[in-house]
Each structure stands twice: as structure tokens, then as C-alpha cells.
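To keep things clear, I will list the structure first and then write my remarks on it.
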Amino acid sequence: MTDFRLDLSWESGDEPDPDLHATAASLKITLGDQCLTENVDIWSNSPRDEVLVSTYPLAIWMVSSWWRLHHEILPVCAFRPPTDWRMCHEIGAAGHGYVWPLVMFATDREVMNVHSEPLPHHPAQSVRYLTKMARPVAIPMRSFTETCRTFIEEIVDRLNEKGRKNSELEQEWSLIMAESADPAEGRKRRIEAQFGFDPEECPEGILSELMAIEERNGEDVLAELAAVRSLWDGKGPTSIKALFELPGVDAEPKVPKLPSSAATHGPRRRAKADAAALRGMIGAASDGAVGNDLLADVLGLSRRVLEDASAGGRLPASVAGRIDDGRIRIVARKRHPVARRFEMARLVGGYVDSIERDGDPWFALTDSKTARQKYQRAFAAEFLCPIDSLASFLDGDYSESAIEDAAAEFLVSERTVSTQLANNQLHRPAILDSDAPYFMAA
């Protein structure tokens, strides 16, 4: 994966604040071979890769945002995340009057996705940033953590060298290190962060209930549901608890043990391998649709139950949990026949994923972009509409009419066909134009 670096060289500062003065530096932020601080100095009209700032504000922002940066998922939202989320995930929140690059960090619970684009120019700004990335770039969580840790400790050491011992930064960083080393405290900070609370700001009653839900239903499912803010919206986890208590339907999945895909890089590639393996093992036609009879059989449901639209509901998420070694309970939300087929295929993928991870008793289906949700959606797409069969059916014709015909052939939505084509680098239809990654500029 891509390397993430924060390089600096100390400069003489002219800030009256002693901490800002002591930590003035030329800062260069790189992501692989891309420089996120590439800029033009407006006064000299000269391009450069470094920007002159005090590094203290960036370090204190990292420390104050530490838990949320590492554990808070990009929330499911129609346009842009709430301001309080952005303040903990965008470098610009470091503030202090400096012009920072437009960079956002969003974890998917397996990697850290980095978004960046040029900062809209304002005549009063002394710096104009140039870097634009068409898509987010993923870096390993461990690499992100270590880069931030090294940067923070470099600033603390600099302050100590300049006689600024026991600074606010050093105190806050020591507290984070102590909490990280304490499993009980670390768990509290993690859950608070997942639900958008800064350390010790989650009301005790809410935190206690969230911890109780996690103990009953598992760490992963609670983290996945945290991204669905309409389930709790900062008012308490009552709706999350109620979701697990809905009656749902019982199923007994008939999923054979699949070859391990753990070494396959990325959730989508792993999902594609797993879906192809399962199709082969259950005798699905190599170039045809998976009918409702076969899909119901894999899930261990009757076709009537699978197609029963009344079993769905207007829910912000679906969940499924193990009743015993062979059975699961499904709380579904989709009612449209095509959407329900895709949801049921996602459930098969979620079940496979849960077994492979030897995971929690419950798993969730949401609209978020975590690694698990990406896996489920990619699994369902490949299981119902395998890319090789789709490419053969279309035979190079990616017109709107051909995509409509393919959707009817494989009993999936046009969006599923379009997404399969885009994710496999065959074609990016106009239907996905609104799916561009979130950037910070309005």
C-alpha cells in the first residue's frame, strides 16, 4: 500500500506564542509519489513542495482528534459529513491562522482512506495548493498511526529542546498513551469515538448501554452501526438496541467451507474470489443468473420467505445474528424484489465474511463504506452478476440500453451492473457520476 509521510525541517519563527514560535518548520506531506503540500507561494509566485507553518497546531489537532481519527467511520449522509465530524478528520481544523492543505482522513476499519483536492483560492491567502486526487488513496492503519506518532513526538522533543517542557501537547499525548495501554480505558475511548464523542464527553448512561450492546452482540456489529447516525443521532442507542430485538426471520445457511481468500488484497477482491468459489461449489451456471430458488436454498429459507416483501421494513440498517451453530436470525429492510435479492446475497456474503473472520455473533448491512460493507456489496454483485458473464453478455456494448438488458438478464439493478463494470475497470457509466468521492470543497 501507499506510504504516508510528514517531513519537516525547522525554521526560525516569528510567532509571539512561544509554542508556535518554537515549532516553525517547512512541512512536506506526501502520499506515495504525490505531494499533498505542493503549492504556489502567492507573494513570490514560486512553486514548492513544502509549506512554512508552525507544526504545533497540526500536532495538537492530531492529539485532540486521536481516537476519532482512528475509530470514527465516515457517516452515512446524503452530501457531506456533519461539521463536528469534519473538525476531527480534516487537517484544516488545525487552524491557528495557517493555510492548510485540503486533506481528509477516513478509516474504513481496515485502512485509512486519504482524500485531497486543491484548496479554493482566496485573494487573502498566501498559499495556493495544487494537488488533486481523483480517488481516495488507502494507507495501512499501522502506517498512519506510526507516522502521526513520530510527528507528534518530534514536536514534543522540539518543545523540550526549546525549554517548553510539560507543554499541553506533551500532557495530552501522555494521556493518550496511558489510555491506549489500558484495555478498559481504551475500550471506552474507542466506543465514544465510534459514536462521535470526544474523550469523556459521552454521557455515562449512553456509554454504559453501548458497552452492554457490544458485550451481547459483538464489537464489529456495533462499530458498523455507529456510522448510521439515524439509528442514534447522539440521543442514545435505544434504536440500535431495538434493531436487535425485532422478530425477523430464521434461516439455516447452506454455505460450504470456501477456500481461504485471506491473502487476497482488499475487500472487493476477496469478495470476488469468495463469490466465484461459492457459485462453483453450489453448481450455479457459470454464465447465468442465480435464481430465487437457488438463492433461497443457499440461505436456508423458503422462496416464499425470501420474496416476502412484508418481511422488510423502513429500517436504516439490516442485521443478522447466529441463533446457534447452524441458524441465523435475519432482520431485513428491503422490499423491492430486485433490491431484496441483492440484500439477501449481501447476507450470504456477510455470513461468509463472519465465518472467515471467526467473528462476532451478529453482523450488519448498512450503506456505509467500511471494508465489511464493501465486501458484502462486492460479494453480492459477483454472486448474482459475475463480471466475466456480464462482460460476455454485453460484448463491448456499454450503452444505456445494453445495461438495462443486462440488469434484466441477471435479475439485478442497473446500478449493480454499472458498479460491476466500474469496479472491474471496464466502463464507468454516467449513473455513477454522483458516486464521486467526498471532497471537502463545497
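Listing for the model above:
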item: Where a residue in the range 266-293 is within 19 Å of E343 (Cα to Cα) and its partner, wherever it lies, is among the charged types (D, E, K, R) and at pLDDT below 85, with Cβ under 8 Å and at least six apart; result: D274/E356
item: Number of positions in the range 239-269 that are at pLDDT below 90 and in contact with a Phe, Trp or Tyr (Cβ under 8 Å, 6 or more places away or on another chain); result: 2
item: Sole residue being outside the structural domain of R322 (by TED's automatic domain parsing), of a type in the set (S, T, N, Q) and at pLDDT 95 or above, chosen from S230, S180; result: S180
item: Single condition K162 does not satisfy, out of (1) touching a residue at least 40 places away in the same chain (Cβ under 8 Å); (2) of a type outside the set (A, V, I, L, M, F, W, C); (3) closer than 30 Å to L225 by Cα; result: (3)
item: Residue list for the range 165-189, filter: part of a helix (DSSP H, G or I), touching a residue at least 24 places away in the same chain (Cβ under 8 Å) and over 15 Å from H71 (Cβ atoms); result: E168, L169, E172, W173
item: Selection within the range 274-291 - buried (at least 17 other Cβ atoms within 10 Å of the Cβ), out of contact with any Pro (no Cβ under 8 Å at 6 or more places or on another chain) and assigned to a helix (DSSP H, G or I); result: D274
item: Within the range 13-98, helices (runs of 4 or more DSSP H) holding 2 or more residues that are of a type in the set (D, E, K, R); result: 83-87
item: In the range 345-385, the residues that are crowded, with 24+ Cβ neighbours inside 10 Å, out of contact with any Ser or Thr (no Cβ under 7 Å at 6 or more places or on another chain), farther than 20 Å from L225 by Cβ and not aliphatic (A, V, I, L, M); result: E382, F383
item: Extreme residue, farthest from the chain's Cα centre (by Cα), among residues of the range 14-25 that are of a type outside the set (S, T, Y) and either buried (at least 20 other Cβ atoms within 10 Å of the Cβ) or not assigned by TED's automatic domain parsing to the domain that holds C35 (or both); result: A22
item: Which listed residue is within 30 Å of E200 (Cα to Cα) and of a type in the set (V, I, T), from T30, T2, T23, T37; result: T23
item: Residue, surrounded by the fewest Cβ atoms within 10 Å (Cβ to Cβ), within the range 207-241, restricted to residues that are of a type in the set (V, I, T) and either more than 21 Å from the chain's Cα centre (by Cα) or assigned to a helix (DSSP H, G or I) (or both); result: T238
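The values are calculated or read from the model by the stated rules, or taken from the named source; none is laboratory data. All values reported here derive from a predicted model rather than from experimental measurement. We place every Cβ from the backbone using ideal geometry, glycine too, and count neighbours over all the protein chains shown.
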